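Reviewing the structure listed below.
The values are calculated or read from the model by the stated rules, or taken from the named source; none is laboratory data. None of these values were measured; they are calculated from a predicted model. Cβ placement follows ideal geometry from the backbone for every residue including glycine, while neighbour counts extend to all protein chains displayed. We work out accessible area using only protein heavy atoms, side chains counted, and drop any ligands, DNA or RNA first. Shrake-Rupley method; radii C 1.70, N 1.55, O 1.52, S 1.80 Å.
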Amino acid sequence: MFNHQSALAIESVRLDDAANAIILLDQTLLPNETNYLTLITQEQIWEAIYELRVRGAPAIGITAGFGLYLAAKNIAADLKRTDGFDQFHVSFKKAKAYLATSRPTAVNLFWALDRLDACVTRNAQKSIAEIVKALHKEAVAIRDEDEQMCKSMGEYGLTLLSPGMGLLTHCNAGTLATARYGTATAPMYLGHARGYHFNVFADETRPLLQGGRLTSYELNSAGIDVTVICDNMASIVMKNGWVQAVLVGCDRVAANGDSANKIGTSGLAILAKHYNIPFYIFAPTSTIDLNCVAGNDIHIELRKPEEITTRWYTHPMVPPGVKAYNPAFDVTDHDLITAIVTENGIARPPYSESLLKMVKG
Ligand code: MRU
């Protein structure tokens, strides 16, 4: 059944301290079913990330942070009386390495795991119980900071927009993909509350339909005007003059501004340039990876062909034996990006200079 509660009230990922579990909205079932999973084991958490039950770079990072904290708590409980920090740390690193294999492109996953690892190192002189307590605080901070970052990106993003604009977005960079507000959707939510009356076009986003299933669901539930289009219809809505800005999220931004986001994003940027429409990337600093010099350094996830050929269909839509190529992301060249909106301000070209300033705060 459709749930008519505004999506802004939804917590797509939360930590249940009493149950030692992550409570996660299964995004693979939306919009038809609102089902919360209780994830206890590391295997369940890994599977939820891999299968996109939780997805979107910030939400993946939040889940990984909670997951590694829960692993640490279990490791601490299983230690023998003679075991010390070293035994704890070896098992902790193993748990970290395991979660890091769940998905390769969104840097927020590695950023969150590294943050917890740094927390362990910082507190190495303390008791294991105190280290676990510090990890709890760090994991909760990752979630809470994300909500603040999204709100701040929303305010900065809104300065680029005017009431009544037509906006186009791709995939789901929404509240479901973050702690709240989303990244690219944050100005839509804030603008809506201030009477901006945006008309949003949501690309359906083949092959996993994050735009059709998730973005339209959440914007519609909040009362924002949203129209779903198939990915190959972006050009016609732009040509019709219905789009004044393209707003998308991202999974990893390289130091030169090249930005990886859901497959199809780079094509949209090329179209936007053709039609002279500003193209904005929304990136919390947790998604900026200064260790990647350029887009070529970003690992692009390849997923199963069945997501194209059979998923969503009663019968296969491609003849048996035909190959299907299924990269989950592509990289938009920095020179196609009008600006990159972060929680610390709006980065403009040259990005190698402006992103550095944003990351330093
Ligand atoms: O494969 P997904 O659904 O995890 O891909 C998500 C995206 O590409 C989002 O645009 C990106 O993670 C930003 S979410 C705020």
Exercise. Kindly express, to the nearest 10 degrees and within the range 0 to 90, the angle between helix 107-122's C-alpha long axis and the longest C-alpha principal axis of the chain.
Key: 30
Quiz item: What do the square roots of 5 times the Cα gyration tensor eigenvalues come to for the chain, in whole Å, largest first, as semi-axes of the equivalent ellipsoid?
Solution: 34, 23, 20
Quiz prompt | D335-C230 FRET efficiency (beta carbon distance; Förster radius 25 Å; 0.05 resolution) | solution = 0.35
Quiz prompt | Phi-based couplings in Hz for segment 51-66 (Karplus 6.51, -1.76, 1.60; Gly and Pro marked x) | solution = 8, 6, 5, 10, 7, x, 3, x, 5, 5, x, 4, 5, 5, x, 4
Quiz item: So what J values fall out for segment 184-191 if you push phi through Karplus, 6.51 cos²θ - 1.76 cosθ + 1.60 with θ = phi - 60°, rounded to Hz, Gly and Pro as x?
Solution: 5, 8, 4, x, 5, 5, 5, x
Exercise. Using only Cα atoms, find the angle between the long axis of helix 351-360 and the longest principal axis of the chain, and express it within 0 to 90 degrees, rounded to the nearest 10.
Key: 40
Quiz item: In whole Hz, what ³J(HN,Hα) sequence does segment 257-266 give by Karplus (6.51, -1.76, 1.60; θ = phi - 60°), x for Gly and Pro?
Solution: x, 4, 10, 8, 8, 3, 3, x, 5, 5
Exercise. Provide the FRET efficiency to the nearest 0.05 for the K94-L160 pair, computing r from the beta carbons and using R0 = 45 Å.
Key: 0.50
Exercise. Quantify, in whole percent, the carbon and sulfur part of the accessible surface of the chain (1.4 Å probe; protein heavy atoms only).
Key: 54
Self-check item: For segment 86-194, accessible area per residue (1.4 Å probe, heavy atoms of protein chains only), Å²
Solution: 38
Self-check item: 5 angstrom amide H check on V226, placed H, neighbours 5+ away
Solution: V200
Practice problem: Please give the contour-minus-distance gain from Y50 to I300: 0.36 nm per residue of separation, less the Cα-Cα distance, rounded to one decimal in nm. | Solution: 88.6 nm
Practice problem: Take the cross-link list K80/K137; K262/K304; K94/K262 and give me the ones stretching past 19 Å between alpha-carbons. | Solution: K80/K137; K94/K262
Practice problem: Indicate, rounded to the nearest 5 percent, the antiparallel portion of the DSSP beta bridges found entirely in the chain. | Solution: 50
Quiz item: Length gain on complete extension for the stretch H315 to T28, per 0.36 nm per residue less the alpha carbon to alpha carbon distance?
Solution: 101.4 nm
